[in-house]
Amino acid sequence: METNQNTRDGRNQSLWQKNTTPTADQTPFNPSKTYDVLVVGAGITGLTTALLLQKAGLQCVVADAHNLGYGTTGGTTAHINTFADTTYAEVESAFSKDAARQFAESIAESVELIHELVETYQIDCDFEWKNGYVYSQNEQETKELDDILDSSIRAGVEVRVTNQVPVTVEYQKAIVFDRQAQFHPLKYILGLQSQFSNLGGVVLEDTFIQDVKTEEGVHIASAGSAQIRTKAIVYATHIPPGGINVLHFRNAPYRSYVIAATLTYDAYPDGLVYDMQEPYHYFRTHVIDGQKYLVAGGHDHKTGHGDPQQSFEDLISFTKQCYPVKEVVTQWSAQYYVPADGLPYIGKLPGAPDGIYTATGFNGNGMILGTVSAMVLSDLILQGESEYKSLYDPARIKPIAGFTEIIKENADVVARFVGDRLGLEEIESVSQLPEDSGEIVEYDGQKLAIYKDPHGNIQALDPVCTHAKCIVHWNNSEKSWDCPCHGARFDTDGTVLTGPARENLTRIEANIPTNQ
Ligand code: FES
């Protein structure tokens, strides 16, 4: 494994990238061997799954197109909760009371599994037990809070009313969940990877799986000229990559915004704190190199919609109303997928050959639901069964009314741009574009994605997403082209940053400095 610095799928650095470098443990890859499991994606889902399987005696390979934690695990706020964005009341209503109890049980098991792995392997990842506080600020929110309280109790979760929330704003009612936790997500997954490697597991970074063929029960995954032979594949890529899959239409991509700030005095919250606004905000404290940071998140919106810079400004201004902010040290955003019926999809990938699995639709609860996925997938692979198999079955059909509209309204699908060269006249007309920014422009009814770099050079791309032909949108904060349909993201030169797309955006020849 290479020891490159951890990077992320955007220009902004997350707090977790500060002073964190991957370990250099290596187990050599054997191209002629048929491995038991190839796990695609080295975030919390992939590495936990791989560790559980390797520990059980299977021979596994983890392949990531970039580096460990490159995707959402490197940009999470790392809250470990016994409640989720989909409330137990919502699960009761969309599924059943039993389903809500099962959802709660699987979440509780995942919290304990994280703690057990930290303890067993002595992973130095700043793991701490914390209380989790949710508070309401008006009648409507209090009604919803009561719903959360009652349904959580029915689902068997420990929660009670409190009047002590570590926040300076006024609130009407508050509840507290015991035995929540927090950790440093990159340090945690680096610890998982280290144990996985010690057990003989293979980690391949910079390995982009572009194609998978199945021959006589063996899957052959290609990454450039390299091939990995395996009996099973787990796509731990946040959304399954490649061709259009039914899951791409049952999950809507969202962006969430985060800042890390220092405060003028020690008002850092001792706990995990959530309000109930729409969109909601969440806060916690993390200490890095002896310095306390307030980690505040929120102002989420659908990928490719909204204005990322504005979201940061709104988040900063809101945080200042709640805490005495001295300095915003860093800010970043991350992506998550909202599932159609509220529950994640974990199990066999619909429409794929036997032995191919996926896990997606974690909402904003990637740490716990990524770990739930590892529990479920490792059981399915090792025993062919999991007590949660039906609950999380990716082939279930249970769309919630209105969700189809969320997907449909993203679908800005157009005819493919056929030209491959951008003329001087067009370049002239984008010379007003600010440096280090992008824009979708239209010439003769055909759209182009234009980016001007800090030196004034123009990079033009066909803005038609290579996954299913939606038009990408400019992300003015992470400096990327984001697809509103299923969340694929591309660098300014068209390179895939995150799936489901496997092909880069087509480049249009136009690398001519505008100042010439
Ligand atoms: Fe599916 Fe772009 S991610 S069309």
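The values are calculated or read from the model by the stated rules, or taken from the named source; none is laboratory data. Treat the numbers as computed from the prediction; the structure is a model and nothing was measured. Note: ideal-geometry Cβ built from the backbone for every residue, glycine included; neighbour counts use all protein chains shown. Note: accessible area is taken over every heavy atom of the protein model, side chains too, but ligands, DNA and RNA are not part of it. Shrake-Rupley method; radii C 1.70, N 1.55, O 1.52, S 1.80 Å.
Brief remarks follow.
- The one condition from (1) without any contact (Cβ under 8 Å) to a residue 60 or more places away in the chain; (2) touching a helix residue (DSSP H, G or I) at 6+ places or on another chain (Cβ under 6 Å); (3) under 30 Å from residue 98 (Cβ atoms) that residue 340 does not meet is (1).
- Elements of type strands (runs of 3 or more DSSP E) contained in segment 147-235, each with 1 or more residues being free of Cβ contacts under 8 Å to residues at least 12 places away in the same chain and open to solvent by 50 Å² or more (accessible area, probe 1.4 Å): 211-215
- Only residues that are among the acidic types (Asp, Glu) and part of a helix (DSSP H, G or I) were counted in segment 56-108, giving 4.
- Residue satisfying condition, being out of contact with any His (no Cβ under 8 Å at 6 or more places or on another chain) and over 20 Å from residue 66 (Cα atoms), within set 204, 199: 199
- Under the condition of being within 14 Å of the ligand (Cβ to nearest atom), assigned to a loop (DSSP other than H, G, I, E, B) and modelled with pLDDT of 90 or more, the residues counted in segment 487-501 number 5.
- The number of residues in segment 1-32 being open to solvent by 70 Å² or more (accessible area, probe 1.4 Å), modelled with pLDDT of 90 or more and over 20 Å from residue 210 (Cβ atoms) comes to 2.
- Residue list for segment 446-472, restricted to those being open to solvent by 10 Å² or more (accessible area, probe 1.4 Å), within 16 Å of the ligand (Cβ to nearest atom) and in contact with a Phe, Trp or Tyr (Cβ under 7 Å, 6 or more places away or on another chain): 447
- Residue 246 satisfies every condition listed in (1) open to solvent by 50 Å² or more (accessible area, probe 1.4 Å); (2) in contact with a Lys or Arg (Cβ under 6 Å, 6 or more places away or on another chain) except (2).
- Residues satisfying the stated conditions in segment 118-146, i.e. surrounded by 13 or more Cβ atoms within 10 Å (Cβ to Cβ) and part of a helix (DSSP H, G or I): 118, 141, 142, 144, 145, 146
- Residue count, segment 453-486 (criterion: within 29 Å of residue 314 (Cβ to Cβ), under 21 Å from the mean Cα position of the chain (by Cα) and in a loop (DSSP other than H, G, I, E, B)): 10
- For segment 363-398, taking the residues that are farther than 13 Å from residue 344 by Cβ and of a type in the set (Val, Ile, Thr), the one that is surrounded by the most Cβ atoms within 10 Å (Cβ to Cβ) is identified as 381.
- Residues (open to solvent by less than 20 Å² (accessible area, probe 1.4 Å), in a loop (DSSP other than H, G, I, E, B) and modelled with pLDDT under 90) located in segment 502-516: 510
- Some residue of segment 185-193 being out of contact with any Lys or Arg (no Cβ under 6 Å at 6 or more places or on another chain), over 27 Å from residue 268 (Cβ atoms) and of a type outside the set (Phe, Trp, Tyr): yes
- Members of segment 288-324 that are more than 17 Å from residue 364 (Cβ to Cβ), at pLDDT 95 or above and crowded, with 23+ Cβ neighbours inside 10 Å: 294
Residue-wise test of (1) in contact with a strand residue (DSSP E or B) (Cβ under 9 Å, 6 or more places away or on another chain); (2) at pLDDT 95 or above.
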{"site": "46", "(1), (2)": "yes, yes"}
{"site": "69", "(1), (2)": "no, no"}
{"site": "76", "(1), (2)": "yes, no"}
{"site": "105", "(1), (2)": "no, yes"}
{"site": "121", "(1), (2)": "no, yes"}
{"site": "142", "(1), (2)": "yes, yes"}
{"site": "148", "(1), (2)": "yes, yes"}
{"site": "153", "(1), (2)": "yes, yes"}
{"site": "156", "(1), (2)": "no, yes"}
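- When 254, 268, 337 are screened for being within 27 Å of residue 67 (Cβ to Cβ) and open to solvent by 20 Å² or more (accessible area, probe 1.4 Å), only 254 passes.
- Residues of segment 80-117 satisfying the condition of being open to solvent by 10 Å² or more (accessible area, probe 1.4 Å) and aromatic (Phe, Trp, Tyr): 83, 95
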